[in-house]
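Here is the structure we will look at, set down as structure tokens.
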Amino acid sequence: MKHDISGKRVLITGAAGFLGSHLCDRFMAEGCYVVGMDNLITGSLSNIEHLFKEERFEFYHHDVSKFVFVPGELDYILHFASPASPIDYLKIPIQTLKVGSLGTHNLLGLARVKGARMLIASTSEVYGDPTVHPQNEDYWGNVNPIGPRGVYDEAKRFQEAITMAYHTFHGLETRIVRIFNTYGPRMRLNDGRALPAFMGQALRGEDITVFGDGSQTRSFCYVDDLIEGIYRLLLSDYALPVNIGNPDEITIGEFAEEIIKLTGTDQKIVYKPLPQDDPKQRQPDITRAKAILGWEPKVARAEGMRKTWEYFKTLPEWVITPREFNSK
Ligand code: UDP
């Protein structure tokens, strides 16, 4: 079903991040007025600088863990502000907890005042190291609250809980997307995630670091597919969580091999210790997204990885090799 949402005003938090910036582009393309918000601790203005000349775009440099004020009307709020990689959780654990909990509470309050529909970015991390495979939305998860990922996982679980509470208690229109591993242009080369880590290593001529024996699995979704799923969910009337991801599952060892082949690097794989609580397997069950949103991913991994590699290759040298560049 085609919706015309031109002229609607949308607040996107985490607007300068990987997913937030792609959402800004999508809602601009739909003719919306887009208010981007970001505190820029993990986001980068370079992801949205092309939007600053647009009249329908405005940007607030703000931390949503503090009271959020936006003048004027809002039709939709999409809460995508959060660190989202294990390296970030270790570096900024308290901010990670706050943006998912206090930040979500502030934005739910804002949504109520504005009469806006609120969509929150939840995650496959709510399933923890899953004992059910593939993961469907009825699975409650297997999370270690005090492990290194606990600050993210529990903030996101709290986020879902408070969002449902605002839905049932206040009658707020809410949507919950559970995002599985996603990749594409505008990922941070240094965010520690497998794909940018491997591609960054290929660019710098370093060995490819596979954690553990590489038998753990993930299922990678190209960003354009994810954005389409989120867009459809926002405009649906479905308030329960929906998994959005690509069920095409692969071991991390095979994934590293694919990247070695794609990039043509002659570096070898080196094995490093598996981080604590690293999930052994992950694959979304997308039956619900198919049934309710008529959505499924379209971009094959080979194509998505090629596009992502093209993007990383265009980055300036000081982004790819910061330390060596600075010491020149
Ligand atoms: N990983 C790896 N080498 C790296 C970075 C990550 O082998 O340099 C592994 C990591 O341990 C995990 C998988 O790749 O098993 C996916 O990691 P990512 O951080 O991309 O996502 P997440 O673990 O949050 O799903």
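Quick notes on this structure:
- Extreme residue, surrounded by the most Cβ atoms within 10 Å (Cβ to Cβ), among residues of region 83-130 that are touching a Gly at 6+ places or on another chain (Cβ under 6 Å) and among the hydroxyl-bearing types (Ser, Thr, Tyr): TYR127
- Of all the numbered requirements in (1) under 19 Å from TYR222 (Cα atoms); (2) without any contact (Cβ under 8 Å) to a residue 24 or more places away in the chain, PRO284 misses one, and that requirement is (2).
- Residue identified as touching a Lys or Arg at 6+ places or on another chain (Cβ under 8 Å), closer than 23 Å to ARG232 by Cα, surrounded by 16 or more Cβ atoms within 10 Å (Cβ to Cβ) and hydrophobic (A, V, I, L, M, F, W, C) among CYS32, CYS24: CYS32
- Residue check, ILE120 touching a Pro at 6+ places or on another chain (Cβ under 9 Å) and more than 16 Å from the ligand (Cβ to nearest atom): no
- Consider region 212-222 and keep the residues that are over 15 Å from VAL270 (Cα atoms) and part of a loop (DSSP other than H, G, I, E, B). The one that is nearest to the chain's Cα centre (by Cα) is PHE220.
- Looking only at region 142-173, residues that are within 14 Å of LYS280 (Cα to Cα) and in contact with a Ser or Thr (Cβ under 9 Å, 6 or more places away or on another chain) come to 1 in all.
- Residue match in region 51-65 (condition: among the hydroxyl-bearing types (Ser, Thr, Tyr) and either within 16 Å of the ligand (Cβ to nearest atom) or crowded, with 18+ Cβ neighbours inside 10 Å (or both)): yes
Okay, residues lined up against (1) closer than 20 Å to SER122 by Cα; (2) surrounded by fewer than 18 Cβ atoms within 10 Å (Cβ to Cβ):
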{"position": "ASP237", "(1), (2)": "yes, yes"}
{"position": "LEU240", "(1), (2)": "yes, yes"}
{"position": "ASN243", "(1), (2)": "yes, no"}
{"position": "ILE250", "(1), (2)": "no, yes"}
{"position": "GLU254", "(1), (2)": "no, yes"}
{"position": "GLU258", "(1), (2)": "no, yes"}
{"position": "GLN267", "(1), (2)": "no, yes"}
{"position": "VAL270", "(1), (2)": "no, yes"}
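Quick grid of which residues meet (1) in contact with a Ser or Thr (Cβ under 6 Å, 6 or more places away or on another chain); (2) assigned to a loop (DSSP other than H, G, I, E, B); (3) crowded, with 17+ Cβ neighbours inside 10 Å:
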{"position": "ALA202", "(1), (2), (3)": "yes, no, yes"}
{"position": "VAL210", "(1), (2), (3)": "no, no, yes"}
{"position": "GLU228", "(1), (2), (3)": "no, no, yes"}
{"position": "LEU234", "(1), (2), (3)": "no, no, yes"}
{"position": "ASN246", "(1), (2), (3)": "yes, yes, yes"}
{"position": "LYS261", "(1), (2), (3)": "no, no, no"}
{"position": "ASP278", "(1), (2), (3)": "no, yes, no"}
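- Considering GLY229, GLY214, the condition of being within 11 Å of the ligand (Cβ to nearest atom) and small (Gly, Ala, Ser) is satisfied by GLY214 alone.
- Filtering region 104-117 for residues that are within 16 Å of the ligand (Cβ to nearest atom) and either in a loop (DSSP other than H, G, I, E, B) or over 26 Å from ARG232 (Cα atoms) (or both) leaves an empty set.
- When residues of region 183-211 are limited to those that are in contact with a Gly (Cβ under 9 Å, 6 or more places away or on another chain) and more than 9 Å from the ligand (Cβ to nearest atom), the one modelled with the lowest pLDDT: ASN190
- ASP38 vs. criteria closer than 27 Å to TYR166 by Cα, over 16 Å from the mean Cα position of the chain (by Cα), acidic (Asp, Glu) and modelled with pLDDT of 95 or more: no
- The residue list GLU137, GLU160, GLU206 contains one member that is acidic (Asp, Glu), assigned to a loop (DSSP other than H, G, I, E, B) and either under 26 Å from GLU296 (Cβ atoms) or without any contact (Cβ under 8 Å) to a residue 60 or more places away in the chain (or both), which is GLU137.
- Within region 234-256, the set of residues being closer than 19 Å to PRO134 by Cβ and either more than 16 Å from the ligand (Cβ to nearest atom) or over 14 Å from the mean Cα position of the chain (by Cα) (or both) comprises LEU240, PRO241, VAL242, PRO247, ASP248, GLU249, ILE250, THR251, ILE252, GLU254, PHE255.
- Filter result for the condition that a residue is more than 16 Å from the ligand (Cβ to nearest atom) and over 21 Å from the mean Cα position of the chain (by Cα), over THR265, THR321: THR321
- Among residues of region 167-200, those that are part of a strand (DSSP E or B) and surrounded by fewer than 22 Cβ atoms within 10 Å (Cβ to Cβ), counted: 0
The values are calculated or read from the model by the stated rules, or taken from the named source; none is laboratory data. The shown structure was predicted, so the numbers you read here are calculated from the model rather than taken from an experiment. For neighbour counting, all protein chains shown are included, and Cβ atoms are generated from backbone atoms with ideal geometry for every residue, glycine included.
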